[in-house]
1. Any idea how many residues of segment 101-128 are open to solvent by 10 Å² or more (accessible area, probe 1.4 Å) and in a loop (DSSP other than H, G, I, E, B)?
2. Yes or no: segment 174-188 includes at least one residue that is at pLDDT 95 or above, closer than 25 Å to Tyr408 by Cα and open to solvent by less than 40 Å² (accessible area, probe 1.4 Å).
3. Exactly one of (1) surrounded by fewer than 14 Cβ atoms within 10 Å (Cβ to Cβ); (2) closer than 29 Å to Met504 by Cβ is unmet by Met430. Its number?
4. Got at least one residue in segment 159-173 being closer than 27 Å to Val218 by Cα, in contact with a helix residue (DSSP H, G or I) (Cβ under 7 Å, 6 or more places away or on another chain) and part of a loop (DSSP other than H, G, I, E, B)?
5. Among the strands (runs of 3 or more DSSP E) confined wholly to segment 222-323, which include 2 or more residues that are in contact with a helix residue (DSSP H, G or I) (Cβ under 9 Å, 6 or more places away or on another chain), at pLDDT below 95 and open to solvent by less than 10 Å² (accessible area, probe 1.4 Å)?
6. Find the residue count for segment 344-372, including only residues that are open to solvent by less than 40 Å² (accessible area, probe 1.4 Å), part of a helix (DSSP H, G or I) and touching a helix residue (DSSP H, G or I) at 6+ places or on another chain (Cβ under 9 Å).
7. Going by the conditions given, is Lys154 farther than 20 Å from Ser224 by Cα and crowded, with 17+ Cβ neighbours inside 10 Å?
8. So, of the residues in segment 129-151 that are more than 12 Å from the chain's Cα centre (by Cα) and polar (S, T, N, Q), which turns out to be surrounded by the fewest Cβ atoms within 10 Å (Cβ to Cβ)?
Amino acid sequence: MGNIKFKKEHTKKDNKQLLDRNENISENIPENTKKEKVANIYDNSIKNDKHTNIFFLICIIGVSLAILLEIINVQNRKQNVCKDYNVDRKIYWVYSAHNDVDNKNGLLKHVHLVLERIGYEKSTNQTPWLLFWSHDYPFRSLYPNMHRLKTHQKVNHFPGTGFITNKVDLATSDSKFIPKAFKIPKNTKEFLKYASENRNAVFLEKHNQHRGVYLKNVTAIDLSSGESFVQEYVQKPFLVDGHKFDIGVYVVLTSVDPLRVYWYKGDVLFRYCPAKYYPFDPTNLDKYVIGDDYLPTWEVPSLAHPYTALGFSMKEAFDHYAQSKGKNTTRLWDDVQAAISEVFLKKEHHIIDALKNYPSKDNFFEMMRFDLVIDKDLKIYLLEANMSPNLSSAHYPPNQLLYEQVLYNLFTLVGVAQNVKSNNATANNMISAQKNIAVYSHECSTICKEDCEALDVCKLCRPCLEPKLKSNLLNAHRENLHKGDFRRLFPPEMKPNARNEEQMKELNHMNKLQYLWFQGKCNNDKTWCL
C-alpha cells in the first residue's frame, strides 16, 4: 500500500513539473506568434470544415442524382411496359393442347401470315392481346381465361358450338338435309326398324370422335359399340368426270340472340375422290371417302381449264360443268344456305345457354367449314361441320389463296382488322352510330310516337330501343360495312317492302326484331337485302 501511495504522489509531481514547463514555454513565445498560431489553427479548422461540407454536399448531390436517375429509369420502364402492352398495339396468341400451332410455318401458317399482314404481333397470354386463336375448343382447358376477357378482346370460338360441330349431335338432328342417322347402341331399335323399312338403304358406320368411316351392311354393324353411330349413305352421288366429291362451305357465326351467320361466297372448297366411283367397290375407300390425299380441282380434267387457264374459282368451275349437264346450280346454292341456316336456328338455344356462364357474348366469333355432298339430282346432304377446319396449304399449295382470302375477310367481318385504334364509344361512332341504325321513320314518327307496344317495329324506334338490342344492331351495321366476300346467311335474303311472315313466325323475340330491322334497312337500301 505504501509503495502504491508513493507512486501516485510521484506521478502527480511529475505531471505538475511537465505542466509548469509547458507554461514557461508558452510565456516565452511572443504575443504575435501566439495570435498567428491561433489564427492558423482557426483557419485550418475552417478549411477542414469547408472540405467536410463540400464532401457532404457532393455526397448529397450524388445521392440526389442517383435517386433522380432511378426515378427516370423507373418511369422509362413504365413507359416501355405501357408501350409494350398498349391496347392499341395489335397482339394475338395461339393455342392447342395437341398441335404445334406456334410454328409460323406449321399448321396455322396462313393464320400467322394474314395476321402479320394486317399489323398483328404474335405474343402470349401474359400480354393484353386483342385476338386469341385456338385450334382446340378452349372453354374447358382455359375456362378461367375465358372469364376474364375485356370488352375489346376476341376469341375464335363460341361456347356451346359443340352441339353443331360434334359429328353425332349434328348427324342425329332432325332435318330433311341430313341423312338419317342413329346413335349406337342407344337407338338400335329405331335403327333396325328404319333399316327393315328401307331395305335398299346402305349405312356408313362412323366413330364419334375420329374420322374412321366404313360402309357396311346392317348385319355387319357392331350394335354393341358405344363409340359409333350409323348414317344412311347417299348411293347415287353427282359425279364430275366420274369422281365423287364433297363441298366445303366456310361459315362464320358472329352473334346469337339475335343470330347472325355469314357464308363465304368468294369460293368454296371442292375435294374429289382420287378413284372413279364406278365400278363401285365398298372396300376401296378412295372411291367414296374424301381423305387427306384427295383429288384437287386443278387435276380434274373438265375443271382444270376453267380453274387454271381461265382463272375461275372452284365454285365457278363446278357451276360451269354442272350447268353444261343441264343442272340448276342456283337452286343448289339456295338449298346449301337453307340447310346451314336451319342448323344454326335449331342449335342456337344451346349456345345461348352456354353463354350464360360468361360475362359477355360479344367477345366470341366462330368460323366453321360445313361439308356437304349432292346426289345425281343435285339434292344436297349436310354431313358435318368442322370446328377448326384445315387452313394449311402444305399438301396443296394452290389452296393458299383460298385460305388467306377467307381469313382476311373473316378478320375484316368480325372487326379484328379494323383500323380504328381506340375502343371508346366516340371512336366507334365514326363507324356506326344511332343514325345508321334508325329505321321505319314513318311508323316511329306517328304510330309508335306515344306507344312502344303499338307495333313490333316500334321496339326499333329510338325512344323504345333497349340498350342490348341497340348494341347488337350497331354491331350488325359494322359487320355489313366490312363483310367483304361474306354474305349474310341469317337473317336471310330479303326483298324491299316484302315482309315474310312465314319466315318470322318461328323466330324468337330477338331474332324477330333483328329480322324486322334488316327488312327496314332493305326497304331503304337494296344493298341491305342480301
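The values are calculated or read from the model by the stated rules, or taken from the named source; none is laboratory data. Model, not experiment: these values are computed from the prediction. Counting neighbours? That spans all protein chains shown, and the Cβs are built from the backbone with ideal geometry, glycine included. For accessibility, only protein heavy atoms count, side chains too; no ligands or nucleic acids. Shrake-Rupley method; radii C 1.70, N 1.55, O 1.52, S 1.80 Å.
1. 15
2. Looking through segment 174-188, none of the residues is at pLDDT 95 or above, closer than 25 Å to Tyr408 by Cα and open to solvent by less than 40 Å² (accessible area, probe 1.4 Å).
3. Every listed condition holds for Met430 apart from (2).
4. Within segment 159-173, one or more residues are closer than 27 Å to Val218 by Cα, in contact with a helix residue (DSSP H, G or I) (Cβ under 7 Å, 6 or more places away or on another chain) and part of a loop (DSSP other than H, G, I, E, B).
5. Once the strands (runs of 3 or more DSSP E) in segment 222-323 are filtered for at least 2 residues that are in contact with a helix residue (DSSP H, G or I) (Cβ under 9 Å, 6 or more places away or on another chain), at pLDDT below 95 and open to solvent by less than 10 Å² (accessible area, probe 1.4 Å), what remains is 228-232.
6. Adding up the residues that qualify gives 5.
7. Considered against the rule, which asks whether it is farther than 20 Å from Ser224 by Cα and crowded, with 17+ Cβ neighbours inside 10 Å, Lys154 comes out as yes.
8. Applying the filter and picking the extreme gives Thr151.
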